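As structure tokens, the structure follows; a few thoughts come after it.
The values are calculated or read from the model by the stated rules, or taken from the named source; none is laboratory data. As the structure is a prediction and not an experimental result, all values here were calculated from the model. As a convention, Cβ positions derive from the backbone with ideal geometry for all residues, glycine included, and neighbour counts pool all protein chains shown.
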Amino acid sequence: MKILTTILISACAILVFPAACNPALQKDATEHNPDLPVKKESAKIERYGMITGLKSEKLAYYKALHAAVWPDVLKKIAECNIRNYSIYVKEIDNKPYLFSYFEYTGNDFTGDMKKMAADTATQRWWKETAPTQIPLPDAAAKGETWTAMEEVFHYD
């Protein structure tokens, strides 16, 4: 009986496993067995790390703002395909810096950022946050607040 069970399990593995691992075989395999799982194409995710300075005397205010982000601002962030958004603060040489990380899942980053910038709630929010921040020289030269950082490693 053990030998028969082993043979049956091996035969099933030979028939099913290649289709589960090879997308080219999935269509043929699922036509004959619709219960087989088909690996779906995952959404494209672009990861962004940004940095800016923060005025020491504005740290408490900045934290208070972000402890209760306005619902309209959060809604616009989501509408612009930004997910998993975090902001961290770190003091370096007695100066606070902000580091942000987010994932973009849309297809038109520039267009979505323009849509966000045109939003009146977001504009009001930025009027609150901008005076707390100190752009790094490269961002300041372009009239921006945040400087993009280069991703050098990622692991899922």
Report yes if some residue within the stretch 117-130 is under 26 Å from Leu59 (Cβ atoms), under 18 Å from the mean Cα position of the chain (by Cα) and either assigned by TED's automatic domain parsing to the domain that holds Lys58 or not hydrophobic (A, V, I, L, M, F, W, C) (or both); otherwise report no. no
Take Glu150 and tell me if it is closer than 25 Å to Ala43 by Cβ and within 14 Å of the chain's Cα centre (by Cα). no
Flagged pairs (Cβ under 9 angstrom, 6 or more apart or on separate chains; first in the stretch 138-156, in the same structural domain as Met113 (by TED's automatic domain parsing); second aliphatic (A, V, I, L, M) and surrounded by fewer than 12 Cβ atoms within 10 Å (Cβ to Cβ)) are Thr145/Ala130
Considering only residues that are in contact (Cβ under 8 Å) with a residue 60 or more places away in the chain and either among the charged types (D, E, K, R) or over 19 Å from Leu54 (Cβ atoms) (or both), which ones fall in the stretch 110-136? Glu128
For the stretch 55-144, give me every one of the helices (runs of 4 or more DSSP H) that falls completely inside it and has 3 or more residues that are surrounded by 13 or more Cβ atoms within 10 Å (Cβ to Cβ). 59-67, 71-79, 109-118, 120-129
Tell me, which residue of the stretch 31-54 that is of a type in the set (Gly, Ala, Ser) and modelled with pLDDT of 95 or more is surrounded by the fewest Cβ atoms within 10 Å (Cβ to Cβ)? Gly49
